[in-house]
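The values are calculated or read from the model by the stated rules, or taken from the named source; none is laboratory data. Keep in mind it's a predicted model, so treat the numbers as computed, not measured. Every residue, glycine as well, gets a Cβ built from its backbone with ideal geometry; the counts of neighbours run over all protein chains shown. Side chains are part of the model used for accessible areas, which takes the heavy atoms of the whole protein and leaves out ligands, DNA and RNA. Shrake-Rupley method; radii C 1.70, N 1.55, O 1.52, S 1.80 Å.
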Amino acid sequence: MLRGQPALSRFRLDKLNARLSMAGCKARVRAADHVHVIDCAGVVLDAAQRQRLALLLDDNGEFDVLPRDSRVQWVVPRLGTISPWSSKASDIARQCGLSGLSRIERVVRYVIQGEDSAPSCIAALQAALHDRMTESLLADAGDLPQLFMQHEPRPLALIPLAAQR
């Protein structure tokens, strides 16, 4: 993983937190950063390749230490899909001599401070953070490798239409 630039400006963070306040949530989003998750398909990048990749992705260094009462939510492209960003970034990386890369995906890491276990707050937080049609929400960084899992396509199924009148 490489940390990218902030995903939201201070204005957008304030707007997001105002939306959560209106929903009655006590939890607040403290930071939103782009994170680049890299699948090297078993190939180990050498130091020069890692440096080239960090320059290419505008690496922003290490993550800040999280406050004790905070948690992280990861918003990723919908599991089972390859985002357009990933297709283009992976092609560019290969053209820059990083042939060992299988795929690069950009995700957003949200740092949420304060606990609020009310179902209405959880629903408001999930709705505010991601679009469930195109994105998935993960609660643990250990789940990020799911981005690169290959699945067998399901067989075609026919759905009968209701009889016409």
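Per residue, how much accessible surface does the chain expose to a 1.4 Å probe? Answer in Å², no decimals.
66
Work from the charge dipole of the chain (Cβ charges, +1 for Lys and Arg, -1 for Asp and Glu, about the Cα centre) and give the residue of S90, L53, M133 farthest towards its positive end.
M133
Under 15 Å from the Cβ of D69, count the other residues' Cβ atoms, weight Lys and Arg +1, Asp and Glu -1, and hand me the total. Working shown, then result.
On the way: positive: K26, R28, R30, R68, R71; negative: D64, E115, D116.
Net local charge, D69 excluded: +2.
Mind listing the long-range amide H neighbours of L8? Cut-off is under 5 Å, sequence gap 5 or more, other chains count too, H placed in the peptide plane at 1.01 Å from N.
Those qualifying (amide H under 5 Å, at least 5 residues apart or on another chain) are A32.
Report the charge-dipole magnitude of the chain in Debye, nearest 20, computed about the Cα centre from +1 at each Lys and Arg Cβ and -1 at each Asp and Glu Cβ.
My answer is approximately 520 debye.
Using Cα springs under 10 Å in a Gaussian network model of the chain, which residue among V76, V111, V43 shows the largest mean-square fluctuation?
V43
List the residues, sorted by chain then number, that are 5 or more residues from E135 or on another chain and whose placed amide H is less than 5 Å from its amide H.
For E135, the qualifying residues are R78.
Show me the helices of the chain, taken as full DSSP H stretches, that run 20 Å or more along their long axis by Cα and average -0.5 or above in Kyte-Doolittle hydropathy.
none
Mind sorting out which of (1) 19.1, 69; (2) 17.6, 53; (3) 18.6, 62 is the real Rg and Dmax of the Cα atoms in Å computed from the coordinates?
Calculated Rg and Dmax of the Cα atoms in Å: the matching label is (1).
Within the range 1-35, report the trypsin sites (Lys or Arg not before Pro) that DSSP leaves as loop and that have at most 16 other Cβ atoms within 10 Å.
Here the sparse-neighbourhood loop sites are K26.
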